[in-house]
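Peer 1: Okay, here's the structure, questions in a sec.
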Amino acid sequence: MKIAVLGYGTVGSGVVEILDRNAKTIASRVGEEIEVKYILDLKDFPGTPIEHKIVHDINTIIEDEEVKIVVEVMGGVDVPYKFVKAALLAGKSAVTSNKALVAAKGEELLDIATKNNISFLFEASVGGGIPIIRPLNQALTADEFVEINGILNGTTNFILSKMTDEGSDFDAVLREAQSLGYAERDPSADVEGYDACRKIAILSSIAFGKTLNYEDIKTVGITKVSAVDIAYAKSLGKKIKLLASAKSVSDKVFAMVAPFMISSEHPLYNIDGVTNAVHVNGNMVGDVIFTGPGAGKLPTASAVVSDVIEITKTGGNIPSNWKAGKLELIDCSDFECQFFVRVKKEEVSIEEINSLFGDVNTLTLEDYADTEFAFFTKEIKEGEFAEKYSKLKGAISSIRVGR
Ligand code: HSE
């Protein structure tokens, strides 16, 4: 099997390294050797072992009939889309780790692959090294999926875990995460929830069978979560986590990315640091949890290579549950949950709060008791909560409470 790797960055070099280091084991599993014939990159890498494989023109790869699989690990959407589509149209299977590409163009690329009896696989696009796409497509095939909840972004989980452990504020931990290389210099894709949004869109499209438009998913990041919010959560034995969730409700789907306060009974409570996890509920199997490294060179490359191996072993089209068509999203304002709300003591009375939200349970934290208190609402629809919250005097912050 001869393959080409598009992009010799972190993941691309990991792919080449794994195919080299585990060559014998992989060859014995697959029944043949997998050789990287070309690496497409802008740079030349002179004096390195891959120097002679470097090409700068995609057409060298597209026109070479010996190359049967193209691995896209470049990043971005427009150029990868052009290259992957050209490869598929030329009858080559494609593998990518690129969630932005899959979330935006997955339906079309899967369709081209099916029509050409080849494969388009993207195990590494969600949850890095965690096997989750193949389990949804090929293992949990007897089930109807009820619900998916994920901690799908390592950067934000690292930041929230550190804030919890050290009592520090968001900005300080973000700066530390950036200096450790866990957060990008422009961290918005992670901290605003956009990365997790694309990942839950991909998982939902597979679990529920049609495309979930990532642009339509209500997405709230973690930039407004404060050290005080976390102090309240800790005092209750709870944690604040950025959850990406999707739920099937009579042929429609509810989906959201937002910080939630969760208790120790929640399946994702113990997932800390850069680790990712996906909790899937199937109507027959019940609760299943997948956890592991959601990013990093070798974990991500491991998932990429597993797709290359799968294609080499099976050949032809590996079908996906993700078919053409759009999933109908339920308006988020109908989503019901409890909310945790902090208010300024001087500006609102319990009577005023009760008259807005019904009888609520209040809570004070010793360190902040002079200036504020908090309360939990009953289960309430998002839309209704937003309306009442806008009328609430002295409101400081609110956060959803996980079931
Ligand atoms: N920025 C992502 C994360 C990396 O923090 O999880 C993998 O998609």
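Peer 1: If a/c stays under 1.5 just call it rounded; otherwise compare a/b with b/c (prolate if a/b is bigger, oblate if not). Do that for segment 55-200, with a ≥ b ≥ c from the square roots of the Cα gyration tensor eigenvalues. Could you put the intermediate results ahead of the total?
Peer 2: Numbers: a/c = 3.07, a/b = 1.65, b/c = 1.87.
In terms of gyration-tensor shape, oblate.
Peer 1: Tell me the accessible surface of Asp331 in square angstrom (1.4 angstrom probe, heavy atoms of protein chains only), to the nearest ten.
Peer 2: Accessible surface of Asp331 is approximately 100 Å².
Peer 1: Turning to a different aspect of this structure: Which whole-angstrom value gives the distance between the alpha carbon centres of segment 13-71 and segment 142-174?
Peer 2: Between the Cα centre of segment 13-71 and that of segment 142-174, the gap is 35 Å.
Peer 1: Give the carbon-plus-sulfur fraction of the accessible surface of segment 219-265 in %, rounded to a whole number; probe 1.4 Å, heavy atoms of protein chains only. All intermediate terms of the calculation are to be shown ahead of the outcome.
Peer 2: Details: 840 of 1660 Å².
In segment 219-265, the share of accessible area belonging to carbon and sulfur is 51 percent.
Peer 1: Residues with beta-carbon under 12 Å from that of Ser248, excluding Ser248: net charge, scoring Lys, Arg +1 and Asp, Glu -1?
Peer 2: Working: positive: Lys210, Lys247, Lys252; negative: Asp143, Glu144, Glu147, Asp251, Glu328.
Charge balance in the 12 Å sphere: -2.
Peer 1: Another one. In terms of solvent-accessible area of protein heavy atoms at a 1.4 angstrom probe, what is the ranking of Val249, Val55, Val126, highest value first? It would help to have the intermediate numbers written out before the result.
Peer 2: On the way: Val249 65, Val55 25, Val126 0 Å².
Listed by decreasing accessible area, they come as Val249, Val55, Val126.
Peer 1: Using the heavy atoms of the protein chains alone and a 1.4 angstrom probe, what is the accessible area of segment 311-360 per residue in square angstrom?
Peer 2: On the way: 2630 Å² over 50 residues.
Computed with neighbouring chains in place, this is 53 Å² per residue.
Peer 1: Could you tell me how far the Cα centroid of segment 326-345 sits from the Cα centroid of segment 347-403, in Å?
Peer 2: Taking the Cα centre of segment 326-345 as reference, the centre of segment 347-403 is 14 Å away.
Peer 1: Give me the distance in nm between label points sitting 7 Å out from Cα along the Cα-to-Cβ direction at Ala27 and Glu265, one decimal.
Peer 2: 5.5
Peer 1: If we count every other residue with Cβ under 15 angstrom of Ser13's Cβ, Lys/Arg +1 and Asp/Glu -1, where does the sum land?
Peer 2: On the way: positive: Arg21, Lys43, Lys53, Lys297; negative: Glu17, Asp20, Asp41, Asp44, Glu51, Glu72.
That sum, taken over residues with Cβ under 15 Å, equals -2.
Peer 1: A follow-up question, please. Place a point 7 Å from Cα of Lys345 in the direction of its Cβ. Which residues in segment 213-235 have their backbone N less than 19 Å from it?
Peer 2: Output list for this probe position: 228-233, 235.
Peer 1: Further question on the same structure: At a probe size of 1.4 Å, how large is the accessible area of His52, to the nearest 10 Å²?
Peer 2: 140
Peer 1: At 0.36 nm per residue, and after removing the present C-alpha to C-alpha distance, how many nm does the segment from Val55 to Asp331 gain when stretched out fully? Write down the numbers at each step before the final one.
Peer 2: Working: separation 276, 0.36 × 276 = 99.36 nm, distance 4.79 nm.
Length gained, Val55 through Asp331: 94.6 nm.
Peer 1: Identify all aspartates and glutamates with a Cα-Cα distance to Lys313 below 15 Å; exclude those on the same chain that are fewer than 8 residues away in sequence.
Peer 2: Counting by Cα, and skipping residues close in sequence, Lys313 has these aspartates and glutamates nearby: Glu32, Glu33, Glu35.
Peer 1: If you don't mind, another one. Tell me the label-point distance for the pair Lys252, Lys313, using the 7 Å Cα-to-Cβ offset, in nm and rounded to one decimal.
Peer 2: 4.1
Peer 1: Now for a separate question. Going through the cross-link list Lys252/Lys344; Lys224/Lys381; Lys115/Lys381; Lys99/Lys393, which pairs have a Cα-Cα distance over 32 Å in this structure?
Peer 2: On the way: Lys252/Lys344 39 Å; Lys224/Lys381 21 Å; Lys115/Lys381 43 Å; Lys99/Lys393 41 Å.
Too far apart for the 32 Å limit: Lys252/Lys344; Lys115/Lys381; Lys99/Lys393.
Peer 1: Which order do Thr114, Thr300 take when ranked by solvent-accessible area (1.4 Å probe, heavy atoms of all protein chains), largest first?
Peer 2: In descending accessible area the options line up as Thr114, Thr300.
Peer 1: Bin width 5 Å, alpha-carbon pairs only: give the P(r) of segment 286-341 as whole percents, running from 0 to the bin holding the largest distance.
Peer 2: In order of increasing distance, the bins hold 4, 10, 10, 11, 16, 19, 11, 10, 5, 3, 1 percent.
The values are calculated or read from the model by the stated rules, or taken from the named source; none is laboratory data. Model, not experiment: these values are computed from the prediction. Glycine also receives a Cβ, built like all others from the backbone with ideal geometry; neighbour counts cover every protein chain displayed. Heads up: the accessible areas ignore ligands, DNA and RNA and are worked out on the full protein's heavy atoms, side chains in. Shrake-Rupley method; radii C 1.70, N 1.55, O 1.52, S 1.80 Å.
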